[in-house]
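A quick write-up on the structure given underneath.
The values are calculated or read from the model by the stated rules, or taken from the named source; none is laboratory data. Small disclaimer: the values here were computed from a predicted structure and weren't measured. Cβ: placed from backbone, ideal geometry, glycine included. Neighbour counts: every protein chain shown. For accessibility, only protein heavy atoms count, side chains too; no ligands or nucleic acids. Shrake-Rupley method; radii C 1.70, N 1.55, O 1.52, S 1.80 Å.
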Amino acid sequence: MISKSIKNNFPFFNEQGKNIAYLDNAASSQTPQAVIDGMNAYYSKFRANIHRGLYDASEKASAAYEDARAKIARFIGGDPKEIIFTAGATASSNILITMLDNSVLPNPFVSGDEVVTTVMEHHSSLIPLQKLAERKKLKLKYLDILKGGVSLDYEEAEKMITAKTKIVSVCLASNVTGEINDVARIAKVAHTYGAIVICDATAAVGHIPIDVKTLGVDFLYFSGHKICGPTGIGILWGKKELLNILEPGIYGGGMVSEISKEGAKWKEAPMRFEAGTPNIAGVIGLGDAIDYLEAIGIQNIRAHNVSLIKKTFAELEKISGIQIVAEKNAEKNIGIISFLLEGIHPHDIAEILSKEGVAIRAGYHCAVPLHRALNISGTARASFYFYNTEEDIDALIKGIKIAKGVFRK
Amino acid sequence: MNENIYQENIIDHNAHPHNKRIISGAREEAGIRNPLCGDNIILQICFDRTGSVSDVAFQGEGCAISQAGLSMLTDKIKGLNLNQLKLLSPGDIYTMLGVPISPSRANCALLGYAALEKILKNIPAKK
(Lines give C-alpha, C1' and ligand atoms only; values in the text may rest on other atoms or scores of the structure.)
Protein backbone atom coordinates (compact mmCIF):
# COMPACT_ATOMS: atom_id res chain seq x y z
CA MET A 1 0.00 0.00 0.00
CA ILE A 2 1.07 3.58 -0.63
CA SER A 3 1.78 5.47 2.61
CA LYS A 4 -0.99 7.64 4.06
CA SER A 5 1.51 10.48 4.30
CA ILE A 6 1.11 10.95 0.54
CA LYS A 7 -1.87 13.18 1.39
CA ASN A 8 0.70 15.74 2.58
CA ASN A 9 1.57 16.32 -1.08
CA PHE A 10 -1.92 17.68 -1.70
CA PRO A 11 -2.92 21.15 -0.43
CA PHE A 12 -6.56 20.05 -0.78
CA PHE A 13 -6.22 17.63 2.13
CA ASN A 14 -4.51 20.25 4.27
CA GLU A 15 -7.41 22.59 3.57
CA GLN A 16 -10.32 20.12 3.83
CA GLY A 17 -8.80 17.93 6.50
CA LYS A 18 -6.91 14.66 6.19
CA ASN A 19 -10.02 12.77 7.19
CA ILE A 20 -12.15 13.74 4.24
CA ALA A 21 -12.85 10.60 2.25
CA TYR A 22 -12.52 11.97 -1.26
CA LEU A 23 -14.05 9.20 -3.38
CA ASP A 24 -14.96 11.19 -6.47
CA ASN A 25 -11.72 10.64 -8.36
CA ALA A 26 -13.47 9.43 -11.49
CA ALA A 27 -14.91 12.95 -11.75
CA SER A 28 -11.64 14.71 -10.97
CA SER A 29 -8.53 13.90 -8.98
CA GLN A 30 -6.72 16.21 -6.57
CA THR A 31 -3.69 18.31 -7.50
CA PRO A 32 -0.31 17.76 -5.84
CA GLN A 33 1.80 20.78 -4.86
CA ALA A 34 4.39 19.84 -7.50
CA VAL A 35 1.85 20.44 -10.29
CA ILE A 36 0.73 23.75 -8.79
CA ASP A 37 4.39 24.79 -8.47
CA GLY A 38 5.08 23.88 -12.08
CA MET A 39 2.23 26.05 -13.32
CA ASN A 40 3.12 28.88 -10.94
CA ALA A 41 6.69 28.82 -12.21
CA TYR A 42 5.45 29.38 -15.73
CA TYR A 43 3.14 32.24 -14.75
CA SER A 44 5.61 33.92 -12.40
CA LYS A 45 9.02 33.19 -13.97
CA PHE A 46 8.84 32.66 -17.73
CA ARG A 47 5.34 33.58 -18.85
CA ALA A 48 5.43 34.11 -22.62
CA ASN A 49 3.89 32.62 -25.72
CA ILE A 50 5.57 29.54 -27.16
CA HIS A 51 7.22 28.69 -30.47
CA ARG A 52 7.52 32.23 -31.77
CA GLY A 53 9.45 34.41 -29.36
CA LEU A 54 13.16 34.93 -29.89
CA TYR A 55 13.85 35.73 -26.27
CA ASP A 56 14.68 33.81 -23.14
CA ALA A 57 11.21 33.54 -21.51
CA SER A 58 9.58 32.30 -24.72
CA GLU A 59 12.36 29.79 -25.29
CA LYS A 60 11.95 28.51 -21.73
CA ALA A 61 8.17 28.26 -22.12
CA SER A 62 8.54 26.46 -25.46
CA ALA A 63 11.05 24.02 -23.98
CA ALA A 64 8.79 23.28 -20.99
CA TYR A 65 5.81 22.79 -23.33
CA GLU A 66 7.63 20.41 -25.65
CA ASP A 67 9.24 18.63 -22.71
CA ALA A 68 5.74 17.85 -21.39
CA ARG A 69 4.77 16.50 -24.81
CA ALA A 70 7.76 14.15 -24.77
CA LYS A 71 6.89 12.95 -21.23
CA ILE A 72 3.30 12.20 -22.17
CA ALA A 73 4.39 10.39 -25.33
CA ARG A 74 6.73 8.18 -23.29
CA PHE A 75 3.99 7.65 -20.68
CA ILE A 76 1.71 5.97 -23.25
CA GLY A 77 4.34 4.46 -25.53
CA GLY A 78 3.87 6.94 -28.38
CA ASP A 79 6.00 9.43 -30.25
CA PRO A 80 5.98 13.15 -29.29
CA LYS A 81 4.87 13.97 -32.87
CA GLU A 82 1.75 11.94 -32.15
CA ILE A 83 0.59 13.94 -29.12
CA ILE A 84 -1.92 16.73 -29.72
CA PHE A 85 -2.79 18.95 -26.77
CA THR A 86 -6.48 19.69 -26.34
CA ALA A 87 -8.77 21.16 -23.68
CA GLY A 88 -9.57 17.68 -22.35
CA ALA A 89 -11.11 14.37 -23.38
CA THR A 90 -14.32 15.99 -24.60
CA ALA A 91 -12.37 18.36 -26.85
CA SER A 92 -10.17 15.46 -28.04
CA SER A 93 -13.17 13.37 -28.98
CA ASN A 94 -14.89 16.24 -30.81
CA ILE A 95 -11.76 17.41 -32.62
CA LEU A 96 -10.88 13.88 -33.72
CA ILE A 97 -14.31 13.31 -35.23
CA THR A 98 -14.14 16.69 -36.96
CA MET A 99 -10.67 15.80 -38.30
CA LEU A 100 -12.02 12.54 -39.73
CA ASP A 101 -15.10 14.30 -41.07
CA ASN A 102 -13.03 17.05 -42.77
CA SER A 103 -10.57 14.63 -44.39
CA VAL A 104 -10.51 12.62 -47.58
CA LEU A 105 -9.68 9.23 -46.11
CA PRO A 106 -7.98 6.44 -48.06
CA ASN A 107 -11.02 4.36 -47.17
CA PRO A 108 -13.72 7.06 -47.29
CA PHE A 109 -17.08 6.95 -45.55
CA VAL A 110 -19.86 5.81 -47.84
CA SER A 111 -23.52 6.17 -46.95
CA GLY A 112 -24.60 2.97 -45.18
CA ASP A 113 -21.15 2.27 -43.71
CA GLU A 114 -21.09 1.41 -40.04
CA VAL A 115 -19.63 2.77 -36.83
CA VAL A 116 -19.39 0.37 -33.91
CA THR A 117 -19.27 1.64 -30.35
CA THR A 118 -20.39 0.29 -26.98
CA VAL A 119 -23.27 1.02 -24.62
CA MET A 120 -20.79 1.94 -21.90
CA GLU A 121 -19.27 5.01 -23.59
CA HIS A 122 -19.27 8.39 -21.88
CA HIS A 123 -21.45 10.95 -23.65
CA SER A 124 -18.31 12.84 -24.69
CA SER A 125 -17.22 9.89 -26.80
CA LEU A 126 -20.70 8.95 -27.95
CA ILE A 127 -22.33 12.20 -29.09
CA PRO A 128 -19.64 13.20 -31.64
CA LEU A 129 -20.03 9.71 -33.16
CA GLN A 130 -23.81 10.13 -33.30
CA LYS A 131 -23.41 13.46 -35.08
CA LEU A 132 -20.85 12.06 -37.52
CA ALA A 133 -23.16 9.15 -38.31
CA GLU A 134 -25.97 11.62 -38.91
CA ARG A 135 -23.87 13.82 -41.22
CA LYS A 136 -22.31 10.99 -43.22
CA LYS A 137 -25.39 8.72 -43.15
CA LEU A 138 -23.54 5.97 -41.32
CA LYS A 139 -25.19 3.34 -39.19
CA LEU A 140 -24.20 3.55 -35.52
CA LYS A 141 -24.19 0.13 -33.88
CA TYR A 142 -23.91 -0.49 -30.16
CA LEU A 143 -22.05 -3.39 -28.67
CA ASP A 144 -24.00 -4.48 -25.61
CA ILE A 145 -22.91 -5.89 -22.26
CA LEU A 146 -23.48 -9.53 -21.36
CA LYS A 147 -26.89 -10.24 -19.81
CA GLY A 148 -26.73 -10.12 -16.04
CA GLY A 149 -23.21 -8.65 -16.08
CA VAL A 150 -21.27 -5.52 -16.97
CA SER A 151 -18.66 -6.99 -19.30
CA LEU A 152 -18.71 -6.36 -23.06
CA ASP A 153 -19.98 -9.16 -25.26
CA TYR A 154 -16.75 -9.87 -27.17
CA GLU A 155 -18.22 -12.68 -29.23
CA GLU A 156 -20.92 -10.31 -30.40
CA ALA A 157 -18.21 -7.74 -31.25
CA GLU A 158 -16.60 -10.27 -33.58
CA LYS A 159 -19.90 -10.61 -35.42
CA MET A 160 -20.84 -6.95 -35.36
CA ILE A 161 -17.57 -5.67 -36.84
CA THR A 162 -17.58 -6.36 -40.59
CA ALA A 163 -16.20 -5.03 -43.85
CA LYS A 164 -18.84 -2.27 -43.57
CA THR A 165 -17.33 -1.01 -40.30
CA LYS A 166 -15.32 2.18 -40.74
CA ILE A 167 -14.83 3.22 -37.10
CA VAL A 168 -14.74 1.24 -33.87
CA SER A 169 -14.76 3.32 -30.69
CA VAL A 170 -14.41 1.68 -27.30
CA CYS A 171 -13.43 3.01 -23.89
CA LEU A 172 -10.54 1.42 -22.01
CA ALA A 173 -12.56 1.40 -18.79
CA SER A 174 -16.14 2.28 -17.93
CA ASN A 175 -16.55 5.38 -15.77
CA VAL A 176 -19.57 3.73 -14.11
CA THR A 177 -18.78 0.05 -13.57
CA GLY A 178 -15.00 0.42 -13.54
CA GLU A 179 -14.82 -2.51 -15.95
CA ILE A 180 -11.51 -2.65 -17.85
CA ASN A 181 -12.21 -3.61 -21.46
CA ASP A 182 -10.10 -5.85 -23.65
CA VAL A 183 -9.56 -3.10 -26.20
CA ALA A 184 -6.71 -5.01 -27.87
CA ARG A 185 -9.06 -7.87 -28.71
CA ILE A 186 -11.60 -5.54 -30.33
CA ALA A 187 -8.88 -3.53 -32.13
CA LYS A 188 -7.50 -6.70 -33.66
CA VAL A 189 -10.87 -7.63 -35.14
CA ALA A 190 -11.48 -4.06 -36.33
CA HIS A 191 -8.12 -3.92 -38.10
CA THR A 192 -8.76 -7.11 -40.05
CA TYR A 193 -11.48 -5.04 -41.77
CA GLY A 194 -9.41 -1.86 -42.01
CA ALA A 195 -11.56 0.09 -39.54
CA ILE A 196 -10.17 3.02 -37.54
CA VAL A 197 -9.99 2.22 -33.83
CA ILE A 198 -10.57 4.97 -31.26
CA CYS A 199 -10.03 4.49 -27.54
CA ASP A 200 -11.30 6.78 -24.79
CA ALA A 201 -8.77 6.14 -22.02
CA THR A 202 -10.05 8.84 -19.68
CA ALA A 203 -11.24 6.57 -16.86
CA ALA A 204 -8.22 4.27 -17.16
CA VAL A 205 -5.19 6.51 -17.61
CA GLY A 206 -3.01 6.95 -14.54
CA HIS A 207 -4.61 3.86 -12.98
CA ILE A 208 -3.08 1.13 -15.15
CA PRO A 209 -0.06 1.21 -17.44
CA ILE A 210 -1.07 2.22 -20.98
CA ASP A 211 0.83 1.33 -24.11
CA VAL A 212 -0.80 2.40 -27.36
CA LYS A 213 1.08 -0.27 -29.33
CA THR A 214 -0.09 -3.10 -27.05
CA LEU A 215 -3.65 -1.81 -27.26
CA GLY A 216 -3.26 -1.69 -31.04
CA VAL A 217 -5.51 1.35 -31.44
CA ASP A 218 -5.23 4.21 -33.95
CA PHE A 219 -6.36 7.06 -31.68
CA LEU A 220 -6.51 7.40 -27.92
CA TYR A 221 -7.38 10.33 -25.70
CA PHE A 222 -7.74 11.38 -22.08
CA SER A 223 -8.06 14.37 -19.75
CA GLY A 224 -5.32 15.64 -17.50
CA HIS A 225 -7.49 16.49 -14.51
CA LYS A 226 -8.21 12.87 -13.61
CA ILE A 227 -4.50 12.10 -13.22
CA CYS A 228 -3.47 14.90 -10.86
CA GLY A 229 -3.08 17.42 -13.68
CA PRO A 230 -4.94 20.72 -14.05
CA THR A 231 -8.41 21.06 -15.56
CA GLY A 232 -8.78 22.28 -19.14
CA ILE A 233 -5.99 20.13 -20.57
CA GLY A 234 -5.97 16.78 -22.27
CA ILE A 235 -4.40 14.96 -25.15
CA LEU A 236 -5.30 13.21 -28.34
CA TRP A 237 -2.81 10.61 -29.50
CA GLY A 238 -2.92 9.35 -33.06
CA LYS A 239 -0.69 7.21 -35.25
CA LYS A 240 1.73 9.47 -37.14
CA GLU A 241 0.90 8.05 -40.55
CA LEU A 242 -2.79 8.77 -39.97
CA LEU A 243 -2.32 12.19 -38.40
CA ASN A 244 -0.30 13.44 -41.36
CA ILE A 245 -3.09 12.68 -43.83
CA LEU A 246 -5.83 14.23 -41.68
CA GLU A 247 -7.24 17.72 -42.00
CA PRO A 248 -7.16 19.89 -38.87
CA GLY A 249 -10.22 20.01 -36.66
CA ILE A 250 -9.77 23.71 -35.91
CA TYR A 251 -8.02 26.46 -37.86
CA GLY A 252 -5.92 29.43 -36.80
CA GLY A 253 -2.44 30.69 -36.13
CA GLY A 254 0.69 28.58 -35.76
CA MET A 255 -0.48 25.67 -37.89
CA VAL A 256 0.27 26.75 -41.48
CA SER A 257 3.31 26.01 -43.57
CA GLU A 258 2.08 28.24 -46.41
CA ILE A 259 -0.80 30.64 -46.68
CA SER A 260 -2.10 32.96 -49.39
CA LYS A 261 -5.38 34.64 -50.24
CA GLU A 262 -6.43 31.43 -51.96
CA GLY A 263 -5.81 28.98 -49.16
CA ALA A 264 -3.38 27.38 -46.75
CA LYS A 265 -1.21 24.31 -46.29
CA TRP A 266 -0.60 22.70 -42.95
CA LYS A 267 2.48 21.93 -40.94
CA GLU A 268 3.21 18.34 -40.01
CA ALA A 269 1.47 16.80 -36.99
CA PRO A 270 1.09 17.73 -34.21
CA MET A 271 1.43 21.44 -35.06
CA ARG A 272 -1.30 21.36 -37.69
CA PHE A 273 -3.79 20.40 -35.00
CA GLU A 274 -2.81 23.00 -32.39
CA ALA A 275 -4.07 26.28 -33.83
CA GLY A 276 -3.98 29.28 -31.52
CA THR A 277 -2.22 29.88 -28.23
CA PRO A 278 -2.61 26.68 -26.23
CA ASN A 279 -3.11 26.14 -22.50
CA ILE A 280 0.62 26.45 -21.81
CA ALA A 281 0.43 26.30 -18.01
CA GLY A 282 -1.96 23.36 -18.32
CA VAL A 283 0.46 21.46 -20.54
CA ILE A 284 3.33 22.13 -18.14
CA GLY A 285 1.14 21.07 -15.21
CA LEU A 286 0.16 17.87 -16.98
CA GLY A 287 3.83 17.09 -17.63
CA ASP A 288 4.54 17.61 -13.92
CA ALA A 289 1.60 15.36 -13.04
CA ILE A 290 3.10 12.58 -15.19
CA ASP A 291 6.44 13.03 -13.41
CA TYR A 292 4.66 12.85 -10.08
CA LEU A 293 2.75 9.67 -10.98
CA GLU A 294 5.84 8.00 -12.40
CA ALA A 295 7.79 8.78 -9.25
CA ILE A 296 5.14 6.85 -7.29
CA GLY A 297 4.98 4.21 -10.02
CA ILE A 298 1.88 3.27 -12.02
CA GLN A 299 2.30 -0.36 -10.93
CA ASN A 300 2.27 0.75 -7.28
CA ILE A 301 -0.79 2.90 -7.89
CA ARG A 302 -2.49 -0.08 -9.51
CA ALA A 303 -1.62 -2.45 -6.64
CA HIS A 304 -2.89 0.10 -4.11
CA ASN A 305 -6.17 0.55 -6.00
CA VAL A 306 -6.72 -3.21 -6.37
CA SER A 307 -6.36 -3.65 -2.63
CA LEU A 308 -8.84 -0.82 -1.96
CA ILE A 309 -11.31 -2.28 -4.47
CA LYS A 310 -11.06 -5.75 -2.89
CA LYS A 311 -11.79 -4.33 0.54
CA THR A 312 -14.66 -2.19 -0.76
CA PHE A 313 -16.31 -5.14 -2.53
CA ALA A 314 -15.97 -7.24 0.63
CA GLU A 315 -17.41 -4.54 2.90
CA LEU A 316 -20.26 -3.55 0.59
CA GLU A 317 -21.36 -7.14 0.18
CA LYS A 318 -22.06 -7.32 3.93
CA ILE A 319 -24.69 -4.56 3.63
CA SER A 320 -28.21 -5.82 3.01
CA GLY A 321 -30.21 -4.24 0.19
CA ILE A 322 -27.12 -3.20 -1.76
CA GLN A 323 -26.69 -3.82 -5.47
CA ILE A 324 -23.13 -3.47 -6.72
CA VAL A 325 -23.06 -2.43 -10.38
CA ALA A 326 -19.72 -4.04 -11.21
CA GLU A 327 -18.08 -7.34 -11.93
CA LYS A 328 -16.82 -8.35 -8.48
CA ASN A 329 -13.30 -8.95 -9.69
CA ALA A 330 -10.82 -6.31 -8.52
CA GLU A 331 -8.34 -7.29 -11.23
CA LYS A 332 -10.82 -6.17 -13.89
CA ASN A 333 -11.84 -2.98 -12.08
CA ILE A 334 -10.10 0.34 -12.65
CA GLY A 335 -11.01 1.72 -9.20
CA ILE A 336 -14.67 2.65 -9.62
CA ILE A 337 -17.61 1.05 -7.80
CA SER A 338 -21.18 2.14 -8.46
CA PHE A 339 -23.98 0.85 -6.30
CA LEU A 340 -27.66 1.10 -5.46
CA LEU A 341 -29.34 0.87 -2.09
CA GLU A 342 -32.84 -0.47 -1.95
CA GLY A 343 -35.36 2.28 -1.19
CA ILE A 344 -32.83 5.14 -1.16
CA HIS A 345 -32.26 7.38 -4.14
CA PRO A 346 -28.55 7.78 -5.06
CA HIS A 347 -28.78 11.53 -4.47
CA ASP A 348 -29.96 11.02 -0.93
CA ILE A 349 -27.08 8.59 -0.33
CA ALA A 350 -24.58 11.15 -1.66
CA GLU A 351 -26.08 13.96 0.44
CA ILE A 352 -25.99 11.93 3.66
CA LEU A 353 -22.44 10.74 2.91
CA SER A 354 -21.31 14.33 2.34
CA LYS A 355 -22.44 15.19 5.88
CA GLU A 356 -20.20 12.33 7.06
CA GLY A 357 -17.20 13.72 5.19
CA VAL A 358 -17.43 11.28 2.29
CA ALA A 359 -17.43 12.74 -1.22
CA ILE A 360 -19.06 10.50 -3.83
CA ARG A 361 -21.12 11.18 -6.97
CA ALA A 362 -24.68 10.27 -7.81
CA GLY A 363 -26.55 10.22 -11.08
CA TYR A 364 -25.94 8.89 -14.57
CA HIS A 365 -22.25 9.87 -14.73
CA CYS A 366 -22.76 10.98 -18.36
CA ALA A 367 -23.44 7.38 -19.35
CA VAL A 368 -27.20 7.15 -19.81
CA PRO A 369 -27.13 4.34 -22.44
CA LEU A 370 -25.24 2.10 -19.99
CA HIS A 371 -27.80 2.75 -17.25
CA ARG A 372 -30.56 1.92 -19.73
CA ALA A 373 -28.76 -1.32 -20.68
CA LEU A 374 -28.51 -2.20 -16.99
CA ASN A 375 -32.17 -1.21 -16.56
CA ILE A 376 -31.44 1.15 -13.68
CA SER A 377 -31.79 4.90 -13.22
CA GLY A 378 -28.89 6.72 -11.56
CA THR A 379 -26.27 5.11 -9.35
CA ALA A 380 -24.11 6.20 -6.43
CA ARG A 381 -20.45 6.00 -7.41
CA ALA A 382 -17.33 5.75 -5.26
CA SER A 383 -14.05 6.08 -7.16
CA PHE A 384 -10.55 5.64 -5.81
CA TYR A 385 -7.03 6.89 -6.34
CA PHE A 386 -3.69 6.22 -4.72
CA TYR A 387 -4.13 8.72 -1.87
CA ASN A 388 -7.27 6.96 -0.65
CA THR A 389 -6.94 4.82 2.43
CA GLU A 390 -8.70 1.94 4.12
CA GLU A 391 -10.12 4.53 6.54
CA ASP A 392 -11.84 6.19 3.56
CA ILE A 393 -13.60 2.89 2.86
CA ASP A 394 -14.57 2.59 6.53
CA ALA A 395 -16.07 6.10 6.33
CA LEU A 396 -17.98 5.14 3.18
CA ILE A 397 -19.41 2.02 4.81
CA LYS A 398 -20.30 3.91 7.98
CA GLY A 399 -22.04 6.60 5.91
CA ILE A 400 -24.05 4.03 3.96
CA LYS A 401 -25.22 2.50 7.24
CA ILE A 402 -26.25 5.95 8.49
CA ALA A 403 -28.20 6.53 5.26
CA LYS A 404 -29.99 3.22 5.79
CA GLY A 405 -30.84 4.29 9.34
CA VAL A 406 -32.29 7.62 8.16
CA PHE A 407 -34.55 5.88 5.64
CA ARG A 408 -35.55 2.98 7.88
CA LYS A 409 -39.33 3.23 7.80
CA MET B 1 -34.08 25.27 11.21
CA ASN B 2 -32.38 21.98 11.88
CA GLU B 3 -29.26 21.30 9.76
CA ASN B 4 -30.52 17.85 8.85
CA ILE B 5 -32.60 17.87 5.68
CA TYR B 6 -33.92 14.37 6.27
CA GLN B 7 -36.51 15.37 8.86
CA GLU B 8 -39.40 13.13 9.82
CA ASN B 9 -41.84 14.89 7.44
CA ILE B 10 -39.52 14.51 4.44
CA ILE B 11 -38.93 10.83 5.16
CA ASP B 12 -42.69 10.29 5.64
CA HIS B 13 -43.67 12.00 2.42
CA ASN B 14 -40.93 10.08 0.57
CA ALA B 15 -42.04 6.73 1.96
CA HIS B 16 -45.76 7.46 1.49
CA PRO B 17 -46.10 10.18 -1.15
CA HIS B 18 -49.51 11.82 -1.47
CA ASN B 19 -51.26 12.01 -4.85
CA LYS B 20 -48.77 9.67 -6.53
CA ARG B 21 -51.00 8.02 -9.11
CA ILE B 22 -52.15 8.40 -12.69
CA ILE B 23 -55.22 10.47 -13.64
CA SER B 24 -56.43 8.96 -16.87
CA GLY B 25 -57.42 11.65 -19.34
CA ALA B 26 -56.12 14.64 -17.38
CA ARG B 27 -56.43 17.84 -19.42
CA GLU B 28 -53.26 19.49 -18.15
CA GLU B 29 -50.03 17.60 -17.88
CA ALA B 30 -46.30 18.38 -17.93
CA GLY B 31 -43.24 16.22 -17.76
CA ILE B 32 -39.99 17.56 -16.41
CA ARG B 33 -36.48 16.23 -16.01
CA ASN B 34 -34.25 17.02 -13.07
CA PRO B 35 -31.08 18.36 -14.73
CA LEU B 36 -29.00 17.19 -11.78
CA CYS B 37 -29.80 13.50 -11.95
CA GLY B 38 -31.90 12.97 -15.08
CA ASP B 39 -34.94 11.74 -13.14
CA ASN B 40 -38.26 12.32 -14.88
CA ILE B 41 -41.56 13.22 -13.28
CA ILE B 42 -45.01 13.97 -14.67
CA LEU B 43 -47.50 16.32 -13.03
CA GLN B 44 -51.19 16.16 -13.97
CA ILE B 45 -53.88 18.68 -13.07
CA CYS B 46 -57.67 18.74 -13.65
CA PHE B 47 -59.63 21.97 -13.31
CA ASP B 48 -63.33 22.17 -12.52
CA ARG B 49 -65.82 24.50 -14.26
CA THR B 50 -64.98 27.36 -11.91
CA GLY B 51 -61.31 27.12 -12.86
CA SER B 52 -60.10 25.58 -9.60
CA VAL B 53 -57.91 22.52 -9.25
CA SER B 54 -60.26 19.58 -8.82
CA ASP B 55 -57.62 16.86 -8.97
CA VAL B 56 -53.86 16.65 -9.13
CA ALA B 57 -51.39 13.75 -9.28
CA PHE B 58 -47.77 12.99 -10.07
CA GLN B 59 -45.73 10.05 -11.25
CA GLY B 60 -42.04 9.27 -11.47
CA GLU B 61 -39.20 8.28 -9.21
CA GLY B 62 -36.75 10.66 -7.61
CA CYS B 63 -34.80 11.52 -4.50
CA ALA B 64 -36.52 12.10 -1.16
CA ILE B 65 -36.42 15.87 -1.61
CA SER B 66 -38.13 15.83 -5.01
CA GLN B 67 -40.69 13.22 -3.91
CA ALA B 68 -41.54 15.12 -0.71
CA GLY B 69 -41.70 18.39 -2.67
CA LEU B 70 -44.17 16.88 -5.13
CA SER B 71 -46.20 15.24 -2.40
CA MET B 72 -46.56 18.54 -0.50
CA LEU B 73 -47.11 20.66 -3.62
CA THR B 74 -49.92 18.44 -4.88
CA ASP B 75 -51.62 18.62 -1.46
CA LYS B 76 -51.23 22.39 -1.41
CA ILE B 77 -52.68 23.20 -4.84
CA LYS B 78 -55.93 21.25 -4.55
CA GLY B 79 -58.80 23.72 -4.75
CA LEU B 80 -56.63 26.69 -5.83
CA ASN B 81 -57.67 28.73 -8.85
CA LEU B 82 -55.40 29.86 -11.68
CA ASN B 83 -54.53 33.19 -10.08
CA GLN B 84 -53.66 31.53 -6.80
CA LEU B 85 -51.49 29.00 -8.64
CA LYS B 86 -49.65 31.80 -10.42
CA LEU B 87 -48.92 33.46 -7.11
CA LEU B 88 -47.05 30.42 -5.79
CA SER B 89 -43.30 30.97 -5.58
CA PRO B 90 -40.24 28.80 -4.91
CA GLY B 91 -40.27 30.30 -1.42
CA ASP B 92 -43.62 28.59 -0.74
CA ILE B 93 -42.07 25.23 -1.62
CA TYR B 94 -39.07 25.82 0.66
CA THR B 95 -41.43 26.83 3.47
CA MET B 96 -43.50 23.67 3.02
CA LEU B 97 -40.39 21.46 3.00
CA GLY B 98 -39.17 23.24 6.13
CA VAL B 99 -35.60 21.99 5.80
CA PRO B 100 -32.48 23.79 4.54
CA ILE B 101 -32.13 23.24 0.79
CA SER B 102 -28.61 23.74 -0.53
CA PRO B 103 -28.16 25.31 -3.99
CA SER B 104 -27.23 21.90 -5.38
CA ARG B 105 -30.59 20.47 -4.29
CA ALA B 106 -32.77 23.39 -5.40
CA ASN B 107 -33.59 21.55 -8.65
CA CYS B 108 -34.82 18.57 -6.62
CA ALA B 109 -36.94 20.68 -4.28
CA LEU B 110 -38.46 22.66 -7.17
CA LEU B 111 -39.05 19.79 -9.58
CA GLY B 112 -42.82 19.80 -9.02
CA TYR B 113 -42.91 23.60 -9.06
CA ALA B 114 -41.11 23.60 -12.43
CA ALA B 115 -43.69 21.17 -13.83
CA LEU B 116 -46.50 23.38 -12.51
CA GLU B 117 -44.93 26.44 -14.16
CA LYS B 118 -44.77 24.54 -17.43
CA ILE B 119 -48.47 23.71 -17.17
CA LEU B 120 -49.41 27.30 -16.31
CA LYS B 121 -47.43 28.65 -19.27
CA ASN B 122 -49.38 26.41 -21.63
CA ILE B 123 -52.82 27.35 -20.37
CA PRO B 124 -53.24 30.86 -21.85
CA ALA B 125 -51.96 29.61 -25.20
CA LYS B 126 -54.72 27.05 -25.32
CA LYS B 127 -57.51 29.51 -24.62
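Is any helix in chain A, taking whole DSSP H runs, at least 27 angstrom long along its axis by alpha carbon and on average at least -0.5 on the Kyte-Doolittle scale, and which ones? Write out the running numbers ahead of the final one.
Working: long enough: A:56-76 (30 Å, -0.44); A:298-317 (28 Å, -0.14).
Helices meeting the span and hydropathy rule in chain A are A:56-76, A:298-317.
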In Å², what does the accessible area per residue of region B:3-122 work out to with a 1.4 Å probe? 46
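Using helices alone, I'd like the mean residue ellipticity at 222 nm for the protein assembly as shown: each DSSP H run of four-plus residues gives -39500 (n - 2.57), total over residue count, nearest 500.
When only DSSP H runs of four or more count, the value is -12500 deg cm²/dmol.
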Given the options A:F273, A:F384, A:F13, which has the most mean-square fluctuation in a GNM of chain A, springs set between C-alpha atoms less than 10 angstrom apart? A:F13
Counting DSSP beta bridges with both ends in chain A, the antiparallel % (nearest 5): 55
Rounded percent of accessible protein surface that carbon and sulfur make up, chain A, 1.4 Å probe: 52
Give the distance, in whole Å, between the Cα centre of region B:23-55 and the Cα centre of region A:342-398. 31
For B:K118, the lysines lying under 21 Å Cα to Cα, once residues fewer than eight places off in the same chain are dropped, come out as B:K20, B:K76, B:K78, B:K86, B:K126, B:K127
Straight-line reach only, C-alpha to C-alpha below 15 angstrom: list the aspartates and glutamates that A:K159 could link to, leaving out same-chain residues fewer than 8 apart. A:E114, A:D144
Shielding by partners - mean other protein chain Cβ count within 10 Å, residues of B:38-44: 2
Within the accessible area of region B:3-122 (1.4 Å probe), percent carbon and sulfur: 50
Set the bar at 29 Å for Cα to Cα. Now go through A:K18/A:K404; A:K147/A:K332; A:K147/A:K239; A:K81/A:K141; A:K226/A:K310 and name every pair that lies beyond it. A:K147/A:K239; A:K81/A:K141
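Rank-order B:5-14, A:52-61 by packing density, defined as the average count of other C-beta atoms within 10 Å over each peptide's residues, highest first.
B:5-14, A:52-61
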Only Cα pairs within less than 10 Å get springs; with that Gaussian network setup on chain A, which residue of A:Y193, A:Y221, A:Y364 has the largest fluctuation? A:Y193
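Mind checking the mean number of beta-carbon atoms from other chains within 10 Å of the Cβ atoms in A:343-351?
Numbers: counts 2, 3, 11, 3, 12, 13, 1, 3, 9.
For peptide A:343-351, the averaged partner shielding equals 6.
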Calculate the mean, over all residues of peptide A:376-388, of how many other protein chain Cβ atoms lie within 10 angstrom of the residue's Cβ. 1
Peptides A:301-310, A:85-94 ordered by average Cβ neighbours within 10 Å, highest first: A:85-94, A:301-310
Given a 1.4 Å probe, show me the residues in region A:392-409 buried by at least 40 Å² of accessible surface when comparing the whole protein assembly to the chain alone. A:V406, A:F407, A:K409
Among the aspartates and glutamates, select those whose C-alpha is under 13 Å from the C-alpha of A:K311, and discard any that sit fewer than 8 residues away in the same chain. A:E331, A:E390, A:E391, A:D392, A:D394
Sorted peptide list for A:33-45, A:159-171, criterion being average Cβ within 10 angstrom, highest first: A:159-171, A:33-45
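What total accessible area, in Å², is buried where chains B and A meet, using a 1.4 Å probe and rounding to the nearest 100? Before the final figure, lay out each step's value.
On the way: alone 6830 and 17000 Å², together 22590 Å².
That pair hides around 1200 Å² of surface in total.
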